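Worksheet for the structure shown next.
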Amino acid sequence: MMTLLSVNRSLMMTMGILINFWRLWSYALGRKEGRSDKEANIVAGIRTFILLTYFVTNCFIVANAVRHWNNTGTTVWICADKPNDAYYCSRR
């Protein structure tokens, strides 16, 4: 049976790992900017949001390219006016 002390210890260990991960992640995004640690964390959060939007956008672009890869079922009609007032369409 876990005591309150062991739960508190495991929670503190997890928080230490998360704080260390956030510190490394903010350095990986670029130089820490801001006059204080709080401002630097806000800047890192904004940079993380921008990075995630780039990633999601890229996933949609790749999914669209894969979806239309080798798409031979589409028929394209090219229509043009002929000089003798006729209308001509051809399938490509």
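Odds and ends about this structure:
- Selection of first residues in the stretch 10-39 that are part of a helix (DSSP H, G or I) and of second residues that are surrounded by 11 or more Cβ atoms within 10 Å (Cβ to Cβ) and at pLDDT 90 or above, restricted to Cβ pairs under 6 Å at least 6 apart or on distinct chains, gives the following pairs, ordered by first then second residue: Ser26/Ala44; Leu29/Ala44; Leu29/Arg47.
- Qualifying residue in the stretch 55-70 (condition: among the basic types (Lys, Arg) and surrounded by 11 or more Cβ atoms within 10 Å (Cβ to Cβ)): no
- Residue in the stretch 37-92 that is nearest to Trp22 (Cα to Cα), counting only those that are at pLDDT 80 or above and among the polar types (S, T, N, Q): Asn41
The values are calculated or read from the model by the stated rules, or taken from the named source; none is laboratory data. All values derive from a computational prediction rather than experimental measurement. Here the Cβ is made from the backbone with ideal geometry for all residues, glycine too, and neighbour counts use every protein chain on show.
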